[in-house]
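Input: a single structure, listed below in structure tokens.
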Amino acid sequence: QKEVEQDPGPLSVPEGAIVSLNCTYSNSAFQYFMWYRQYSRKGPELLMYTYSSGNKEDGRFTAQVDKSSKYISLFIRDSQPSDSATYLCAMTGLSGSRLTFGEGTQLTVNP
Amino acid sequence: KAGVTQTPRYLIKTRGQQVTLSCSPISGHRSVSWYQQTPGQGLQFLFEYFSETQRNKGNFPGRFSGRQFSNSRSEMNVSTLELGDSALYLCASSLIGKTYEQYFGPGTRLTVT
């Protein structure tokens with residue numbers, strides 16, 4: 001069983017929709033939770049990170065972490081065609097150096 | 001501030017050959033990590049360097065090695081290439097003390113024939 005599980009999709013939504021992306025994990029040592037966006041043939045781009053449980057908002061993006069359920073989410077409000085990409089969750093422990101990634105969810109936002 | 005740069009961007013090699021990939025971190029970032037990305041396995045951690053020392057290593061065979069120079073630039077080497085080594089190799093840099101906040105380069109796409 002993988003340490004981090006993420007539904008690969010694909011997920012297709014109309015422009016303006018609220019998108020919900022999720023990951024579950026099994027390693028209770030994970031303390032930092034990241035979301036990356038990766039466009040085709042590009043490197044992953046860090047969107048935001050959260051330490052421990054709680055919510056964090058940055059513009060149209062909101063990250064949520066529920067450590068009791070070992071479940072993290074990324075919400076995208078007012079989705080745009082430019083949000084079409086693969087979204088990867090990543091996690092690490094307190095040492096912070098070795099990121100463990102989910103498989104990635106491929107998102108398409110249709111105009 | 002310039003981002004992480006990786007060279008070359010694309011590479012084609014033959015089985016049995018070796019290859020060296022290069023990474024220049026963001027200015028001021030002294031920690032460099034390497035990852036392999038494949039369609040089947042996703043993104044997997046290879047190793048991490050700072051202060052010219054390997055601090056952490058993933059579950060890859062000894063054919064995969066790396067080093068870091070005093071200016072924080074890093075190289076990774078793969079010897080005796082196998083077809084399964086075809087992948088996107090990504091380098092990420094971070095500040096010491098914030099190594100969870102990793103910024104990735106565009107990657108080097110290696111094809112082994």
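The values are calculated or read from the model by the stated rules, or taken from the named source; none is laboratory data. Because the structure is a prediction, the values reported are computed rather than measured. Methodologically, a virtual Cβ is constructed for each residue, glycine included, from the backbone with ideal geometry; neighbour enumeration extends over all protein chains shown. All accessible areas refer to the heavy atoms of the entire protein, side chains included, with ligands and DNA or RNA removed. Shrake-Rupley method; radii C 1.70, N 1.55, O 1.52, S 1.80 Å.
Highest GNM mean-square fluctuation among B:Lys13, B:Lys98, B:Lys57, for chain B modelled with Cα contacts below 10 Å: B:Lys98.
With coordinates expressed along the principal axes, the C-alpha atoms belonging to chain A extend over 41, 27, 22 Å, beginning with the largest.
Dipole check for chain A: with +1 at the C-beta of Lys and Arg, -1 at the C-beta of Asp and Glu, and the Cα centre as origin, the magnitude is about 260 Debye.
Here's the picture: charge each Lys and Arg Cβ at +1 and each Asp and Glu Cβ at -1 in the protein assembly as shown, and of A:Asn27, B:Gly62, A:Ile76 the one pushed furthest to the positive end of that dipole is B:Gly62.
Mind pulling the per residue volume of the convex hull built on the Cα atoms of region A:61-111? Å³ is fine. Don't skip to the end; give the middle numbers.
Working: hull volume 4.9 nm³, N = 51.
In region A:61-111, the Cα convex hull volume per residue is 95 Å³.
I'd like the distance between the alpha-carbon centres of region B:43-113 and region A:46-111, rounded to an integer number of Å. Taking the Cα centre of region A:46-111 as reference, the centre of region B:43-113 is 23 Å away. Restricting attention to region B:1-102, which GluC sites (Glu not before Pro) occupy a DSSP loop and are surrounded by at most 14 other Cβ atoms within 10 Å? Those satisfying the criteria are B:Glu52, B:Glu82.
Count charges around B:Thr38 for me, please; just the other residues with Cβ under 13 Å from its Cβ, Lys/Arg as +1, Asp/Glu as -1. So the surrounding residues net to -2.
Electrostatic tally near B:Leu83: other residues with Cβ closer than 12 Å to its Cβ, Lys and Arg +1, Asp and Glu -1, net 0. Summed over the residues of the protein assembly as shown and divided among them, the accessible surface reaches 47 Å² per residue at a probe radius of 1.4 Å. Atom-type composition of the exposed protein surface of the protein assembly as shown places 47 percent of the accessible area on carbon and sulfur (1.4 angstrom probe). Estimated translational diffusion coefficient (Stokes-Einstein, Kirkwood radius over Cα pairs, 4 °C, 1.567 mPa s) of the protein assembly as shown: 72 µm² per second. Positive-end ranking of A:Phe61, A:Leu46, A:Thr92 along the dipole of chain A, with charges on Cβ about the Cα centre, is headed by A:Thr92.
Over both sides of the B-A contact, add up the buried accessible area with a 1.4 Å probe and give it to the nearest 100 Å². What B and A bury together is about 1700 Å². This model, with +1 at the C-beta of Lys and Arg and -1 at the C-beta of Asp and Glu, gives chain B a dipole about its Cα centre of some 120 debye. Residues of region A:73-101 whose accessible area, computed with a 1.4 Å probe over protein heavy atoms, drops by at least 40 Å² once all protein chains are present relative to their chain alone are A:Ser97, A:Arg98, A:Leu99, A:Phe101. Considering all C-alpha pairs of region B:1-89, those separated by over 16 Å amount to 54%.
DSSP loop GluC sites (Glu not before Pro) in region A:1-101 with at most 15 other Cβ atoms within 10 Å of their Cβ, which ones? Counting only loop positions with at most 15 other Cβ atoms within 10 Å, the GluC sites (Glu not before Pro) in region A:1-101 are A:Glu3, A:Glu15.
Burial of accessible area (probe 1.4 Å, heavy atoms of protein chains only) in region B:11-46, relative to its chain alone, reaches at least 20 Å² for B:Tyr35, B:Gln37, B:Leu43, B:Phe45. Given +1 at the Cβ of Lys and Arg, -1 at the Cβ of Asp and Glu and no other charges, the dipole of region B:1-56 around its Cα centre is 140 debye to the nearest 20. For B:Ser79 and A:Ser26, the FRET efficiency from 1/(1 + (r/R0)^6), where r spans their Cβ atoms and R0 equals 41 Å, is about 0.75. In region A:1-90, which chymotrypsin sites (Phe, Trp or Tyr not before Pro) fall in coil by DSSP and have 16 or fewer other Cβ atoms within 10 Å? Here the sparse-neighbourhood loop sites are A:Tyr39. Charged neighbours of B:Gln6, selected by a Cβ distance under 12 Å, balance to +3 (K, R count +1; D, E count -1).
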